[in-house]
Amino acid sequence: MAGEAGGAALGRAADKLFSLSGLFAVRKPKGPTSAAVLNLLKERLLAEAGVQTKGNKRNRVLKIGHGGTLDSAATGVLVVGIGKGTKMLGTMLAGSKKYTAIGMLGKATDTLDATGKVTEEKPYDQVTKGDLENVLQKFTGDIMQVPPLYSALKKDGERLSTLMKRGEAVEAKPARPVRVYSLSLQQFQPPLFTLDVECGGGFYVRSLVNDIGKELSTCASVQELTRTKQGPFTLEEHALHEDKWTIDEIAQSLEHCRALLLGEPARKKLKTEHPGECAVVCEDK
């Protein structure tokens, strides 16, 4: 009898899991790729529902994807679509995002962040807080930006970052239009500086910090990066910690987020944005 009851409970859990539909947010930790976080989430949910993922081709497929890659070294809001919600992820790619970034003056790396090899070092003593604040004005509004070589953008079906790691010669993508809604300096303790950025789709904070360094006649790279908001989803209010990656918690979050999405004002999308270049990943390819 106990076995039958357990089987019935698992059956109900599986039914509930496969009925989930919509958008919610998780808190991505520092280290794994966005795709790896998504795969872990998927594994957890399928295990909780008692769904075997190997050796049975008749299994129902759990549709799950994310709304915009976060660098492996970055933390913060990762918007997830489940069920029919995966069709809504395109709006997340092109929509507004907020970041807090800690940059370091005087050091450039090949990845434009702290994970890469140092490629250049320059003095930064001449840079004042006023210099930095003045330079930020040049990077606000509609600007042109060259994406990093280490990125999820693709060439011939492969990510540029994968090609770079293999040691293949990769040409930089041409500069493209991006939109910065707001950009402010929160802290300046040389060589470190902290920025708050609100931007549109296709924008790279690593490229921004690198460009700021050049504009100040030195160089700079990102030390820490946190996505604090994506669309209506904020890190503090909506992003589920790993201990809450359960069917019931996600069901509650989906319910809560439906009201959020109804009230979200649409940002005017740039015709030249390329949301398709950002990976919406269901499996780590």
Q. How many nm separate the modelled label positions at Ser21 and Lys122, each set 7 Å beyond the Cα in the direction of the Cβ?
A. 5.4
(Q) Going by amide H atoms built from the backbone, whose H comes under 5 Å of the H on Glu224, apart from near neighbours? (A) Ile102
(Q) Can you compute the modelled spin-label distance between Ala259 and Gln52, with each label point 7 Å from Cα toward Cβ, in nm? (A) 4.2
Q) Working out 0.36 nm times the residue gap between Thr115 and Asp248, then minus their Cα-Cα distance, what length gain in nm do you get to one decimal? A) 44.3 nm
Q: Using Cα centres only, tell me the gap between region 238-254 and region 12-28 in whole Å.
A: 8
Q: Would you check the accessible area of Met104, probe 1.4 Å, heavy atoms only, in square angstrom rounded to 10?
A: 40
Q) Taking 0.36 nm per intervening residue step and subtracting the Cα-Cα distance, what contour gain separates Asn134 from Leu40 on full extension? A) 29.5 nm
Q) Largest first, what is the accessible-area ranking of Thr75, Thr128 with a 1.4 Å probe? A) Thr128, Thr75
Q) At a probe radius of 1.4 Å, what is the per-residue accessible area of Asp142, in Å² to the nearest 10? A) 100
Q.
Could you derive backbone 3J(HN,Hα) for region 86-95 from the dihedral phi with the Karplus parameters 6.51, -1.76 and 1.60 (θ = phi - 60°), listing whole Hz in sequence and x where the residue is Gly or Pro?
A. 4, 6, 9, 5, x, 5, 5, 4, 8, x
Q) Just the accessible area for Asp248, please: 1.4 Å probe, Å², rounded to the nearest 10? A) 80
**Q.** Pairs from Lys122/Lys229; Lys87/Lys229; Lys30/Lys138; Lys16/Lys97; Lys87/Lys214 whose Cα-Cα separation, in the structure shown, is over 28 Å
**A.** Lys122/Lys229; Lys30/Lys138; Lys16/Lys97; Lys87/Lys214
(Q) Counting pairwise Cα distances across region 6-128, what percent come out greater than 16 angstrom? (A) 70
Q. Hey, what do the phi angles of region 112-119 turn into as Karplus ³J(HN,Hα) couplings, whole Hz, using 6.51/-1.76/1.60 and θ = phi - 60°, x for Gly and Pro?
A. 6, 9, 6, 7, x, 7, 5, 10
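The values are calculated or read from the model by the stated rules, or taken from the named source; none is laboratory data. Computed from a predicted model, the values in this text were never measured in an experiment. Note that each Cβ is placed from the backbone with ideal geometry, even for glycine, and that neighbours are counted across all protein chains shown. Ligands, DNA and RNA are stripped out before the accessible areas are found, and what is left, the full protein with its side chains, is counted by its heavy atoms. Shrake-Rupley method; radii C 1.70, N 1.55, O 1.52, S 1.80 Å.
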